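Notes follow the structure.
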Amino acid sequence: MREQERGGGGGREGRRELPPQSPEEQARAICLRLLTGMPRTRRQLADALDRRGIPEEVSEQVLSRYEEVGLIDDAAFAGAWVESRHRGRGLARRALAQELRTKGVHGSLVEEALELLDPEQEERTAHELVERRLRATRGLERDKRTRRLAGMLARKGYPEGMALRVVRRALEAEGEDAEELGHPGE
């Protein structure tokens, strides 16, 4: 049966069995295949190689070479991630930092990438998110609207103070009485 699966029969004439690959060749092939789909961090690739049984010393050698030639660049990955996830999903610094850490990006690189995110832009994005959701909360009590909108921002990593400030401004602009708005849970 293995002969048929590898092309020795069953209508797959012309295919030959490839010689077994060395661990280095396997590691390079795995990394290239993973990098073809999307950029990855060094740790993501190391984890993938480990799951496939590539010896650690071989993995280190291949990953170091890929870093040397620029195929792996955690700093560039982090910068692109921050830009993409903030613009596309509206994620704030805290959520972005958490995502980058889970992908194995070193703390100093996370901080550098987050410096690219302007605090004013972060607040504008929070305002845009609230504006998009504002209509869906019409008809609800003010406190409930505030909690829902601030909760949505909190799940995207926005600090409580900023979230409440943005929600209050949006509700004021819509005509809600700002003095009647309390903090969630009051």
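The values are calculated or read from the model by the stated rules, or taken from the named source; none is laboratory data. It should be emphasised that the depicted structure is a prediction, and the values quoted were computed from it without experimental measurement. FYI the Cβ positions are ideal-geometry reconstructions off the backbone, even for glycines, and counts take in every protein chain you see. Surface areas here come from the heavy atoms of the whole protein model, side chains and all, with no ligands, DNA or RNA. Shrake-Rupley method; radii C 1.70, N 1.55, O 1.52, S 1.80 Å.
What the table shows:
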{"item": "Test: residue in region 56-69 that is buried (at least 18 other Cβ atoms within 10 Å of the Cβ) and within 18 Å of the chain's Cα centre (by Cα)", "result": "no"}
{"item": "Qualifying positions in region 130-156 - closer than 23 Å to His86 by Cβ, open to solvent by less than 40 Å² (accessible area, probe 1.4 Å) and at pLDDT below 95", "result": "Leu134"}
{"item": "Positions within region 43-55 being open to solvent by less than 20 Å² (accessible area, probe 1.4 Å) and not in a helix (DSSP H, G or I), in sequence order", "result": "Ile54"}
{"item": "Residue in region 72-91 that is farthest from Glu112 (Cα to Cα), counting only those that are of a type in the set (Lys, Arg) and without any contact (Cβ under 8 Å) to a residue 60 or more places away in the chain", "result": "Arg87"}
{"item": "When residues of region 70-94 are limited to those that are open to solvent by 20 Å² or more (accessible area, probe 1.4 Å), aliphatic (A, V, I, L, M) and part of a helix (DSSP H, G or I), the one nearest to Ala163 (Cα to Cα)", "result": "Ala80"}
{"item": "All positions within region 112-126 that are under 20 Å from Ala150 (Cβ atoms) and either in contact with a strand residue (DSSP E or B) (Cβ under 7 Å, 6 or more places away or on another chain) or surrounded by 18 or more Cβ atoms within 10 Å (Cβ to Cβ) (or both)", "result": "Glu122, Thr125, Ala126"}
{"item": "Region 19-42 - residue that is small (Gly, Ala, Ser) and in a helix (DSSP H, G or I) and, of those, surrounded by the fewest Cβ atoms within 10 Å (Cβ to Cβ)", "result": "Gly37"}
{"item": "Residues (under 15 Å from Glu122 (Cβ atoms) and touching a Gly at 6+ places or on another chain (Cβ under 8 Å)) located in region 146-162", "result": "Lys156"}
{"item": "First in region 55-71 and more than 10 Å from Leu45 (Cβ to Cβ), second anywhere and of a type in the set (Gly, Ala, Ser) and surrounded by fewer than 14 Cβ atoms within 10 Å (Cβ to Cβ), Cβ under 9 Å, 6 or more apart", "result": "Val58/Ser22; Gly70/Ala76"}
